[in-house]
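Reviewing the structure listed below.
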Amino acid sequence: DLKKNSTEAKAKLLENVESWAPGKEVDYIKKDDGSMWVKNAGREYPIMLEKDFKSFRDLCDDATSAWRMAFESKDHIYVWDRPSQDKDSAVNMVKMFAVFPGVPPSVMYDCLHDHDYRKVWDSAMVQGYNICHLDANNDIGYYQVKLPTGVTNRDFCNERSWRELGNGEYIIMNHSEPHEACPPTKAVRGVSIKSGYLLRPHKDGCSLSYVSHSDPKGWLPTKQ
């Protein structure tokens, strides 16, 4: 019954949402600074451009001393963190690098990009779905993550952007944006400042760089 009610509530929220579809013309709004925007549900949303994807790739490749090694495994999984560069958040930025033998970048990209398939590999996901497409490479989506007992779940309303850069490189990245079909829930609404994946060919498989700069908001237990 809970699952049925949740599905019906989602359908009601999304029934009148405008969404781009293949073949449909996009009315882009170009600002004086060169940025591109699209209007949806009475609000303007930024469209990620080539320079935005390259900036994210540079962040993934950044090897300056600002990054501190936080974890290294025998399987060559590396995790770093660094202080926030965002004046509105003191939460550290985290970066991870791993190699997946035998998995082509295109396959990994499809797995990460598919809302429905995420249920298979993301055991912490309570709910996740697409709200609307802004154009061919940007959409708005909802995601809720389950936290340990005693800690309120977090949820996010994010604009997701993706692009194939050539030479087998793919980027999927996101940041939080509000949307009328993504109202507050019983979960604490977190904020993604800048998060995403960079995929590249690596021998017979691919490498994955993951950057997360997200503010979970609310209360979380501190490490003793």
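Can you find a residue in segment 134-151 that is of a type in the set (Lys, Arg) and out of contact with any strand residue (DSSP E or B) (no Cβ under 7 Å at 6 or more places or on another chain)? Within segment 134-151 (the criterion being of a type in the set (Lys, Arg) and out of contact with any strand residue (DSSP E or B) (no Cβ under 7 Å at 6 or more places or on another chain)), the answer is no, since none of the residues qualifies.
Contact annotation: residue pairs with Cβ atoms under 9 Å, 6 or more positions apart or on different chains, pairing a residue in segment 191-210 that is under 11 Å from residue 57 (Cβ atoms) with a partner that is of a type in the set (D, E, K, R) and open to solvent by 40 Å² or more (accessible area, probe 1.4 Å), are 198/57; 198/61; 209/57; 209/61; 209/200. Applying the set (1) surrounded by 15 or more Cβ atoms within 10 Å (Cβ to Cβ); (2) in contact with a Leu (Cβ under 7 Å, 6 or more places away or on another chain); (3) outside any strand (DSSP E or B) to residue 171 leaves exactly one unmet item: (3). As a summary of the residue check, residue 146 satisfies the conditions (1) charged (D, E, K, R); (2) out of contact with any Asp or Glu (no Cβ under 9 Å at 6 or more places or on another chain); (3) closer than 27 Å to residue 167 by Cβ except for the one numbered (3).
Candidates are the residues of segment 117-136 that are touching a residue at least 60 places away in the same chain (Cβ under 8 Å) and not hydrophobic (A, V, I, L, M, F, W, C); the one that is least open to solvent (accessible area, probe 1.4 Å) is 135. For segment 174-203, the set of residues classified as open to solvent by 40 Å² or more (accessible area, probe 1.4 Å) and assigned to a loop (DSSP other than H, G, I, E, B) consists of 178, 180, 183, 184, 185, 186, 203, listed by residue number.
Please pick out the residue among 114, 58, 86, 81 that is surrounded by 11 or more Cβ atoms within 10 Å (Cβ to Cβ) and at pLDDT 95 or above.
Values: 114 fails: at pLDDT 95 or above; 58 fails: surrounded by 11 or more Cβ atoms within 10 Å (Cβ to Cβ); 86 fails: at pLDDT 95 or above.
Step by step, each of 114, 58, 86, 81 is checked, and only 81 is surrounded by 11 or more Cβ atoms within 10 Å (Cβ to Cβ) and at pLDDT 95 or above.
Scanning segment 92-140 for residues being more than 17 Å from the chain's Cα centre (by Cα) and not polar (S, T, N, Q) gives a total of 10. Of all residues in segment 49-66, those that are assigned to a loop (DSSP other than H, G, I, E, B) and under 20 Å from residue 138 (Cα atoms) total 1. Scanning segment 10-31 turns up one or more residues that are assigned to a helix (DSSP H, G or I), of a type in the set (Gly, Ala, Ser) and modelled with pLDDT under 95. The set of residues from segment 137-168 being among the aliphatic types (A, V, I, L, M), within 17 Å of residue 125 (Cβ to Cβ) and open to solvent by 30 Å² or more (accessible area, probe 1.4 Å) comprises just one member, 147.
The values are calculated or read from the model by the stated rules, or taken from the named source; none is laboratory data. What you see is a predicted model, and the numbers here were worked out from it, not measured in a lab. Please note: Cβ atoms are built from the backbone with ideal geometry, for glycine as well, and neighbour counts cover all protein chains shown. Ligands, DNA and RNA are stripped out before the accessible areas are found, and what is left, the full protein with its side chains, is counted by its heavy atoms. Shrake-Rupley method; radii C 1.70, N 1.55, O 1.52, S 1.80 Å.
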